[in-house]
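A.B. asks: First the structure, then my questions, so here it is.
The values are calculated or read from the model by the stated rules, or taken from the named source; none is laboratory data. Not measured: the values here are computed from a predicted model. Ideal geometry is used to build each Cβ from the backbone, glycine not excepted, and the neighbour counts take in all protein chains shown.
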Number of protein chains: 2
Amino acid sequence: MSSQTYRAIAHRKFNALQSLIPKNWLLDPLPDPLPLDVRSLVLKSTVLTPDELSITSSHDATSLSQLIHSRALTSEAVTTAFCKRAAIAQQLTNCLSEVLFLPAIERSRALDAEYKRTGKTRGPLHGIPISLKDTFNMKGFDSSIGFAGLAENPAMENAALVDILLDQGAVLYCKTNVSQTLMALDSHNHLFGRVLNPRNTRVTAGGSSGGEGALIAMRGSVLGIGTDIGGSVRIPAMCNGLYSIKPSSQRIPFIGQEIGQLPGIDKLGLQASAGLMATSVRDCELVLKAIADANPWEKDPNVAFGPWEGQGEIGRKPLFGVMRADGITTPLPPVSRVLDETVEAIRKAGFEVVEINAPAFKKCHSLANKFFGIGGNNYTFDILERTGEPLIPWLDARLRRKGPADLMQLSGLHVKKSALEKEMLELWRDKNGRKIDALICPVAPHPVPEIDKWNGVGYTSAFVVLDYPAGTLPVRDVSNDDLNDKLPDSEALGGWDSKNRDLCELTTFIPLVFCLSYHYHMFQCSCCPFPCSVEAVGNSVLHGYANPSEIGHPNPNDRNVYLNTKLSVQVLAPRLQERRLYQAMKLIHKILHGADSETRAKILSQSTVA
Amino acid sequence: MSSQTYRAIAHRKFNALQSLIPKNWLLDPLPDPLPLDVRSLVLKSTVLTPDELSITSSHDATSLSQLIHSRALTSEAVTTAFCKRAAIAQQLTNCLSEVLFLPAIERSRALDAEYKRTGKTRGPLHGIPISLKDTFNMKGFDSSIGFAGLAENPAMENAALVDILLDQGAVLYCKTNVSQTLMALDSHNHLFGRVLNPRNTRVTAGGSSGGEGALIAMRGSVLGIGTDIGGSVRIPAMCNGLYSIKPSSQRIPFIGQEIGQLPGIDKLGLQASAGLMATSVRDCELVLKAIADANPWEKDPNVAFGPWEGQGEIGRKPLFGVMRADGITTPLPPVSRVLDETVEAIRKAGFEVVEINAPAFKKCHSLANKFFGIGGNNYTFDILERTGEPLIPWLDARLRRKGPADLMQLSGLHVKKSALEKEMLELWRDKNGRKIDALICPVAPHPVPEIDKWNGVGYTSAFVVLDYPAGTLPVRDVSNDDLNDKLPDSEALGGWDSKNRDLCELTTFIPLVFCLSYHYHMFQCSCCPFPCSVEAVGNSVLHGYANPSEIGHPNPNDRNVYLNTKLSVQVLAPRLQERRLYQAMKLIHKILHGADSETRAKILSQSTVA
């Protein structure tokens, strides 16, 4: 296969996607260079009417659902507004992979007509636009997951979750961009390019569900579905200041996805979860309950039986635990501080928070990484070689073909996993044997870092190893005070910790210029001519990215990069107790920000500029 | 290692077990030869007092629990009675592996004292003796599972389920004999010998939890816990005319067992379940609810969250489905007839039963068998070779060392499994889309066969592949009418079907003589000198067994072997809906036999001779 094959496919794919966006929804010209925060560009354009700006800016899905039910809004109005805003999000952040705007608007009209005619809605998601990660098969559309080798091969049937969402009344209007292999932590690939973080284009949008994160942060979506096997829902949620829940793997239907791996290999290693990202904590319940109410175990045999009400609950006077560090990478000061603040707020509200010291936590990280490698990456390289597609630079330094694990090695990993699961059960009791209702810990040991700088996934992958439901809550923006912190004098715990400290000591900030005239230059350095893998294809550009720190680029010290990013905390509940997790998140959120509905406006004003 | 090593271990193990049975509980002399039905020998001995005979013969666990709660009986009286009867069962059927009679009686006394002092019981199983398959680790006792190579190595801690049963008040007083490797379908091994079927020593007691089955059929236990990965609870339940439930694999704690396999390999293949055998259908609820009420997910991380009330339910007017055949082995006429009778009875009672034709059912059998072989049996042979122990003859014809499956093969099996699980979801809707509340099908395609003649496990292993909760209900004894059936003229479906027909056409009955003077000759043929692998060790005898049909022994036609065995049906519910299964079984049982409590005496009189 010619090495040009993947470029030609990417070119065709770019043009196909572009052609599905109505001409009058295009920003012309695109701002060049991009501002640091691209969100305000939505307001400057005239693509959305004032009503459409209000629909997309001022509501969560629960509120939109209420307005559609009360006939104050039609699904068509809501869907059209989000399609337009998603189109702008795509142009500014490269967040979409598949565009279904016109069929979605058609469906919204049909739903409106049906509601008018019958007086009945389809279900709790009636008329609500929902965006989906590219992995989910939708009949007639690609699930290329950013591989040229998987593009131009439309799915023959819907993923189970797609059918459920449609049954419950949702309007599906786009699929979103991902990281190459779904294992990189920046959503960057050679088919669609790199997803930018709309609130701060210097920092990563996260991955692998980074397109979802950026789209929702742009408020081009109110509710998105991603997948998470190392943190792929929670990391982009943190990066984009969103609420998220990664349930246990058997909770939300996962079948019918393209995950770019040897079919069946997922059953031998860690189980990924489908999860959600939202702009309010209550929307997490809206989605989880809507899915549970649809008897998902009748659609996907992997889903555990259990209605929403049967998914656990917190006690009347819940007891919280806090796990401050994983023993591998000590959280940087801003991360510790926001955890402290959260714990303090919970205590002030009259609830007890006990310190949980879990020595086994540190074993999770390397075990997860070993599981990620069992296939020896051969399936990935086979896909790439089909079209001559290279790895993205971040992966190029990390991914090699290896022999797959054999039965003895696989069994050995599972022995370790089982022992760890057993050991970690102790998390759920304090020293006096009292039940811990929910645990709080960091999402990552650092704030939202620059692109391609995410340092390990131990704080998120641990809860894939353990299969705990885990959610993220945005707490507040990084403040100027956070930037003055000093690291402790103690020695680093090891390589991961040392690399993490670099993110605090010397931030490798280089002026990034994003050229967006129908294409994305992902990296242009103005101060030195180190190799940049930007490659022109017609009038679009495919974007490699060379990490300056890896090729000896000067590292000016600029912690200001963290300003205009959100600090979040992670909340955990025991396996298959998603309702317990949700109730804990709701309570913590109320303590931090007031009740969801009362303070929605306040939170939204932090989440978006509109 | 000397080839004599395993014999010496077996000899020591035999003596150790024997020494834990009080002298005055021994039958002396043992009847030689044994009668066909050994159950009545309990009555002829004077080991049990009339009260003890009544305690062990006339109650299920629910009734005993009520009597202990109301102080009409003490746990000590109940425990002593069952210990005595278990001792006799052991002498007549070789059903035990570990004996804990004296510590159990001590515990029962302590429980009685506690109840007297506090007025409170420990839990729903307070004072009830429960027997456990040898696989479950109990601190200080072997989990040899019939391998000399695993004997004389006491467990360091209890299995999670053992702790839960103790917490709920149970008295654990013995562990029970199994099949070599746990994969053979007769409970026969070189460490303990062969378990006999107490109601009919010509036929198999089933396996691998055959010791449980025989012990309960002797009423040496009222409630037993086994494990099932191909049918190992349901098959001995059928063979011994018992009620059983094999839950989904994530329902009852499984960790802390010795299963004689490469540690961790179970996570790569099919998941076994812990399950139960009982003398009444209501006892199934007693145990499942007691375990669920103990929050087992806090003890075993593999257990799915879900209180008993959250484990599903049948509808108000349940709709049943019947699956008459698996497409591999057509049930023999007595099996079909008892299924017909059950369906007719349900219909007569006013419930609809729809015919379910599941073409995918036939794929389950070979897929299960492929999963069983992924380790290439190397771990088994390693254990055997440690002490020079041979395979039992039934396995010797079937088990070889092979290369273990590689990652591609394992993944491929899981692709097939996932596709099958999806396809089989269709079982739960009839043609008109109505929900099927429960399914009925055969337990096996034949009645309880002669020893070492069980023909395949497709009807049970299918629901391990699918992980459905599955139960067995004894319906009635084989009647003389059943013996006059003719097979259809049609051709056999294949090898399995052909072999199955042999069980009806020509029964290979050979007079079996069991010599039981402190040992078990497993096979002595009076009519020809074909090689019998009985081997003397001191005054005990280790028992190989040569299958006469395999070495050209004449096959006199005698279907009468099936008389005095029970015909059963299997009932199924969707994954993780154990309460739904129980409710369906209870309803079917009521239709067939009247309500559990009302007709207990009637059922018991069929189940035992006492």
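A.B. asks: For the stretch A:355-459, give me every one of the helices (runs of 4 or more DSSP H) that falls completely inside it and has 1 or more residues that are more than 13 Å from chain B (Cβ to nearest Cβ) and in contact with a Ser or Thr (Cβ under 9 Å, 6 or more places away or on another chain).
C.D. replies: In the stretch A:355-459, the matching helices (runs of 4 or more DSSP H) lie at A:361-372, A:378-387, A:393-396.
A.B. asks: Let me ask something else about it. For the structure I just gave you, tell me whether A:Leu262 is within 14 Å of chain B (Cβ to nearest Cβ) and touching a residue at least 12 places away in the same chain (Cβ under 8 Å).
C.D. replies: The answer is yes for A:Leu262.
A.B. asks: Name the residues in the stretch A:283-321 that are hydrophobic (A, V, I, L, M, F, W, C), within 14 Å of chain B (Cβ to nearest Cβ) and closer than 30 Å to A:Lys363 by Cβ, would you?
C.D. replies: A:Val303, A:Ala304, A:Ile314 - these are the residues of the stretch A:283-321 that are hydrophobic (A, V, I, L, M, F, W, C), within 14 Å of chain B (Cβ to nearest Cβ) and closer than 30 Å to A:Lys363 by Cβ.
A.B. asks: Can you tell me which residues in the stretch A:256-272 are β-branched (Val, Ile, Thr) and farther than 23 Å from A:Glu152 by Cβ?
C.D. replies: A:Ile265
A.B. asks: So which of A:Arg324, A:Arg347 ends up being crowded, with 16+ Cβ neighbours inside 10 Å, more than 14 Å from chain B (Cβ to nearest Cβ), of a type in the set (Lys, Arg) and touching a strand residue (DSSP E or B) at 6+ places or on another chain (Cβ under 9 Å)?
C.D. replies: Sole residue among the options that is crowded, with 16+ Cβ neighbours inside 10 Å, more than 14 Å from chain B (Cβ to nearest Cβ), of a type in the set (Lys, Arg) and touching a strand residue (DSSP E or B) at 6+ places or on another chain (Cβ under 9 Å): A:Arg324.
A.B. asks: Of the residues that sit in the stretch A:151-188 and are surrounded by fewer than 24 Cβ atoms within 10 Å (Cβ to Cβ) and charged (D, E, K, R), which one is nearest to A:Ala274 (Cα to Cα)?
C.D. replies: Among those that are surrounded by fewer than 24 Cβ atoms within 10 Å (Cβ to Cβ) and charged (D, E, K, R), it is A:Asp163.
A.B. asks: All but one of (1) assigned to a loop (DSSP other than H, G, I, E, B); (2) in contact with a Pro (Cβ under 9 Å, 6 or more places away or on another chain) hold for A:Ala104, so report the exception by its number.
C.D. replies: (1)
A.B. asks: Applying the selection to the stretch B:568-595, what residues are within 14 Å of another protein chain (Cβ to nearest Cβ) and on the phi > 0 side of the Ramachandran plot?
C.D. replies: Across the stretch B:568-595, the qualifying residue is only B:Leu576.
A.B. asks: So, of the residues in the stretch B:16-52 that are free of Cβ contacts under 8 Å to residues at least 24 places away in the same chain and either touching a Gly at 6+ places or on another chain (Cβ under 8 Å) or assigned to a helix (DSSP H, G or I) (or both), which turns out to be farthest from B:Leu92 (Cα to Cα)?
C.D. replies: Applying the filter and picking the extreme gives B:Pro50.
A.B. asks: State which residue is surrounded by the most Cβ atoms within 10 Å (Cβ to Cβ) when the search covers only the stretch A:228-257 and only residues that are touching a Ser or Thr at 6+ places or on another chain (Cβ under 6 Å) and within 14 Å of chain B (Cβ to nearest Cβ).
C.D. replies: Once the filter is applied, the top-ranked residue is A:Pro247.
A.B. asks: Within the set of pairs 6 or more residues apart or between chains, which connect a residue that is in the same structural domain as A:Gly224 (by TED's automatic domain parsing) and polar (S, T, N, Q) inside the stretch A:94-106 to a residue that is at pLDDT below 95 and outside any strand (DSSP E or B) with Cβ atoms less than 7 Å apart?
C.D. replies: A:Asn94/A:Tyr520
A.B. asks: Out of everything in the stretch A:154-189 that is touching a Cys at 6+ places or on another chain (Cβ under 6 Å) and of a type in the set (S, T, N, Q), what residue ends up being nearest to A:Thr79 (Cα to Cα)?
C.D. replies: For the stretch A:154-189, the residue satisfying everything is A:Thr176.
A.B. asks: Which of the residues belonging to the stretch B:303-321 are surrounded by 21 or more Cβ atoms within 10 Å (Cβ to Cβ) and either in contact (Cβ under 8 Å) with a residue 40 or more places away in the chain or basic (Lys, Arg) (or both)?
C.D. replies: Scanning the stretch B:303-321 gives B:Val303, B:Ala304, B:Gly306, B:Gln311, B:Gly312, B:Ile314, B:Phe320, B:Gly321.
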